[in-house]
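Asker: The structure is given below, and queries will be raised subsequently.
Here, each number is a calculation from the coordinates, and none is a lab measurement. A quick note: this is a predicted structure, and the numbers were derived from the prediction, not measured.
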Amino acid sequence: MNTDVLIAQPIDNDVAEMLSRHGKVTVNPGPNPYSTEELKVLGQDAKALMAFMTEQIDDDVLSATPSLRI
């Protein structure tokens, strides 16, 4: 999957639209948070990850998402 920004929880459509001006945005449609495995797969090419309190971003996730910059 080619994603520039991975958003781990549902967000307002206006925010997603604003971010989409800077690249391809993938938003979790909800209602459940992404699992660690989903974050690793969906974020493998992402340059940015918008995570929330429900996501656990640990070494395992970071090593599987080498393109993340923010």
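Asker: Want the number for residue 69 to residue 14: 0.36 nm per residue separation, take away the alpha-carbon distance, what's left?
Answerer: So the extension gain works out to 17.5 nm.
Asker: Taking only the alpha-carbon positions of segment 21-70 and ignoring solvent, what does the Debye formula give for the base-10 log of I(q)/I(0) at q = 0.17, 0.23 Å⁻¹?
Answerer: So the normalised log intensities work out to -0.47, -0.88.
Asker: Quick check on the chain: helices-only [θ] at 222 nm, where DSSP H runs of length 4 and up contribute -39,500 (n - 2.57) each and the sum goes over total residues. Nearest 500, please.
Answerer: Calculated at 222 nm, the ellipticity per residue is -7500 deg cm²/dmol.
Asker: HN-Hα J couplings of segment 59-70 from phi, Karplus 6.51/-1.76/1.60, θ = phi - 60°, integer Hz, Gly and Pro as x?
Answerer: Those phi angles translate into 4, 4, 5, 5, 6, 8, 10, x, 7, 4, 10, 8 Hz.
Asker: Okay, next question. Can you tell me, using C-alpha contacts under 8 Å and at least 6 residues apart, the relative contact order of segment 8-70 as a whole percent?
Answerer: 36 percent
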